[in-house]
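> Submitted below is the structure of interest, expressed as structure tokens.
The values are calculated or read from the model by the stated rules, or taken from the named source; none is laboratory data. Predicted model only: the values in this text are computed from it and were never measured. When we count neighbours, we look across all protein chains shown, and the Cβ atoms used for this are built from the backbone with ideal geometry, even at glycine.
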Amino acid sequence: MEYVKSFRDLEVYKLAREVSKEIFFLSKTFPDDERFSLTSQIRRSSRSIGGQIAEAWGKRRYELHFISKLTDSDSEQLETQHWLEEATTCEYIDPKTANKLVYKCESIGKMLQSMIDKASAFCKK
């Protein structure tokens, strides 16, 4: 992929960063007693989506490692969806806001799957 020089150029990475930033600011409104539980979990999982994409980029020499890291990223976006649902159930996030973030997570998942399906195009020979 000559047109992509860095993981920072990937649209999926940019979207992952957007989601983690939105969740960070949104989670600032969670109650203090959630600081070491829900707040920590949702921030960690949302931040890890982009982190795993960056790691995958560094593993492109080994297609199976690349795919493994992208799979880890997909798992993190699914975990983030779970925590968004928990936050909605606890009424820390309104359903409309949660749905927008879940939609973005689902979009990330689709992009990651596309990268997995086309892994050889990203990996060095």
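> If you take the residues in the stretch 1-28 that are among the aliphatic types (A, V, I, L, M) and surrounded by fewer than 16 Cβ atoms within 10 Å (Cβ to Cβ), which one is modelled with the highest pLDDT? First the steps, then the outcome.
So in the stretch 1-28, the residues among the aliphatic types (A, V, I, L, M) come out as 1, 4, 10, 12, 15-16, 19, 23, 26.
If we keep only those that are surrounded by fewer than 16 Cβ atoms within 10 Å (Cβ to Cβ) too, we end up with 1, 4.
Values: Met1: 48, Val4: 81.
Taking the candidates together, the pick is Val4.
> Out of all the residues in the stretch 88-105, is one or more modelled with pLDDT under 95, of a type in the set (A, V, I, L, M) and closer than 28 Å to Glu55 by Cα? I'd like the intermediate steps shown before the answer.
The first filter runs over the stretch 88-105 and keeps only residues modelled with pLDDT under 95, leaving none.
No, the stretch 88-105 contains no residue that is modelled with pLDDT under 95, of a type in the set (A, V, I, L, M) and closer than 28 Å to Glu55 by Cα.
> For the stretch 1-31: of the residues being of a type in the set (Asp, Glu) and either touching an Asp or Glu at 6+ places or on another chain (Cβ under 7 Å) or in contact (Cβ under 8 Å) with a residue 40 or more places away in the chain (or both), which is nearest to Ser48 (Cα to Cα)?
Quick first cut of the stretch 1-31, residues of a type in the set (Asp, Glu) only: 2, 9, 11, 18, 22.
Right, trim to either touching an Asp or Glu at 6+ places or on another chain (Cβ under 7 Å) or in contact (Cβ under 8 Å) with a residue 40 or more places away in the chain (or both) and you get 11, 18, 22.
On the way: Glu11: 16, Glu18: 13, Glu22: 14 Å.
Going through the qualifying residues, I end up with Glu18.
> If only one of Cys90, Cys105 is hydrophobic (A, V, I, L, M, F, W, C) and surrounded by fewer than 15 Cβ atoms within 10 Å (Cβ to Cβ), which one is it?
Going through Cys90, Cys105 in turn, the sole match is Cys90.
> If you go through the stretch 85-125, how many residues are of a type in the set (Asp, Glu) and touching a residue at least 24 places away in the same chain (Cβ under 8 Å)? Show your work before the answer.
Step one: list which residues in the stretch 85-125 are of a type in the set (Asp, Glu), which gives 85-86, 91, 94, 106, 117.
Next, only the ones that are touching a residue at least 24 places away in the same chain (Cβ under 8 Å) stay: 86, 106.
Of the residues in that region, 2 qualify.
> Within the stretch 42-56, take every residue that is within 20 Å of Phe30 (Cα to Cα) and either of a type in the set (D, E, K, R) or surrounded by fewer than 20 Cβ atoms within 10 Å (Cβ to Cβ) (or both) and give me the one that is nearest to the chain's Cα centre (by Cα).
Ranking the qualifying residues of the stretch 42-56, first place goes to Arg47.
> Counting only residues that are of a type outside the set (A, V, I, L, M) and without any contact (Cβ under 8 Å) to a residue 40 or more places away in the chain, which one in the stretch 62-73 is nearest to Ser46 (Cα to Cα)? Spell out the reasoning first.
Initially, the stretch 62-73 is screened for residues of a type outside the set (A, V, I, L, M), giving 62-63, 65-66, 68-69, 71-73.
Narrowing the set further to residues that are without any contact (Cβ under 8 Å) to a residue 40 or more places away in the chain leaves 65, 68-69, 72.
Details: His65: 21, Ser68: 18, Lys69: 15, Asp72: 12 Å.
Per the criteria, the residue is Asp72.
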